[in-house]
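What follows is a single structure, written as structure tokens, with notes after it.
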């Protein structure tokens, strides 16, 4: 199988990290968005990265961000959601507008239930079933219908500025971030060990001297 390279996902999350500070509370939904955040986002303080672990709950990201902002109004709060999970709780746009709760929700928009689609592509001969979300709604217009500020981000390099502006606005804001539906997370297939991971991505290490992991299986093959 060919290596599966994350083309723009890494750039998006690097720029997201640059737009927030160490006091920012960041929540995730469940799915590819959650896995990408776990890979690429390094939180510096406790209780600043909130995610639904275990079996996970789609739709967790946006409401948990609302709760975090109500509890700690002095902290900036950003929620990173997939479009599928956000559709389950998008009615809470009314909540943040009515009660003036200035959270920023970043919707990663690829029009798929990404985690499930990923399995269908990799392990089920691309037999796609009930994972495409269709072309509606327009998330920007949906947010605006609730009176919530919204912006579409179509290039990874635009994420940092858009998020900074959203935080500075002091208003509830939705960022509709368009991502490639073919971007697939590196993963360990079912029944396999960590040395059998498929896919790869390149990341510039924050600590250049950090020791990289060496696959003992590959070393044995070369002996």
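Do we find that residue 140 is part of a helix (DSSP H, G or I) and at pLDDT 85 or above in this structure?
Here the answer is yes, as residue 140 does meet what is asked.
Output yes when any residue across region 50-62 is closer than 23 Å to residue 164 by Cβ and buried (at least 22 other Cβ atoms within 10 Å of the Cβ), and no when none is. Yes, because at least one residue in region 50-62 is closer than 23 Å to residue 164 by Cβ and buried (at least 22 other Cβ atoms within 10 Å of the Cβ).
Considering region 101-120, and only residues there that are touching a helix residue (DSSP H, G or I) at 6+ places or on another chain (Cβ under 6 Å) and either in a helix (DSSP H, G or I) or without any contact (Cβ under 8 Å) to a residue 60 or more places away in the chain (or both), the residue that is surrounded by the most Cβ atoms within 10 Å (Cβ to Cβ) turns out to be 114. Selection of region 89-100 for residues being out of contact with any strand residue (DSSP E or B) (no Cβ under 9 Å at 6 or more places or on another chain) and in contact (Cβ under 8 Å) with a residue 60 or more places away in the chain yields 97, 100. Scanning region 162-188 for residues that are surrounded by fewer than 17 Cβ atoms within 10 Å (Cβ to Cβ), out of contact with any helix residue (DSSP H, G or I) (no Cβ under 6 Å at 6 or more places or on another chain), in contact (Cβ under 8 Å) with a residue 40 or more places away in the chain and in a helix (DSSP H, G or I) yields a single hit, 169. Can you name the number of the only condition in (1) under 16 Å from residue 163 (Cβ atoms); (2) in contact with a helix residue (DSSP H, G or I) (Cβ under 6 Å, 6 or more places away or on another chain); (3) surrounded by fewer than 20 Cβ atoms within 10 Å (Cβ to Cβ) that residue 75 fails? All conditions pass for residue 75, except number (2). Of all the criteria given as (1) surrounded by fewer than 18 Cβ atoms within 10 Å (Cβ to Cβ); (2) part of a strand (DSSP E or B), the one not satisfied by residue 135 is (2). Residues in region 121-147 that are within 30 Å of residue 190 (Cα to Cα) and in contact (Cβ under 8 Å) with a residue 24 or more places away in the chain: 121, 122, 123, 133. Evaluated against (1) surrounded by fewer than 16 Cβ atoms within 10 Å (Cβ to Cβ); (2) free of Cβ contacts under 8 Å to residues at least 24 places away in the same chain; (3) within 18 Å of the chain's Cα centre (by Cα); (4) farther than 21 Å from residue 188 by Cβ, residue 43 falls short on exactly one condition, (1). Of the residues making up region 193-209, those that are farther than 23 Å from residue 128 by Cα and either at pLDDT 70 or above or surrounded by 13 or more Cβ atoms within 10 Å (Cβ to Cβ) (or both) are 193, 194, 195, 196, 201. Scanning region 9-37 for residues that are surrounded by fewer than 18 Cβ atoms within 10 Å (Cβ to Cβ), at pLDDT below 80 and either farther than 26 Å from residue 188 by Cα or under 9 Å from the mean Cα position of the chain (by Cα) (or both) returns no hits.
Please go through region 151-161 and give me each residue that is within 14 Å of residue 15 (Cβ to Cβ) and in contact with a helix residue (DSSP H, G or I) (Cβ under 6 Å, 6 or more places away or on another chain), ordered by number.
Looking only at region 151-161, we keep the residues that are within 14 Å of residue 15 (Cβ to Cβ), and these are 153-161.
153, 156, 159, 160, listed by residue number.
The values are calculated or read from the model by the stated rules, or taken from the named source; none is laboratory data. Quick caveat, the model's predicted, so the values are computed rather than measured. Neighbour counts are summed over all protein chains in view; Cβ atoms, including those assigned to glycine, are modelled from backbone coordinates with ideal geometry.
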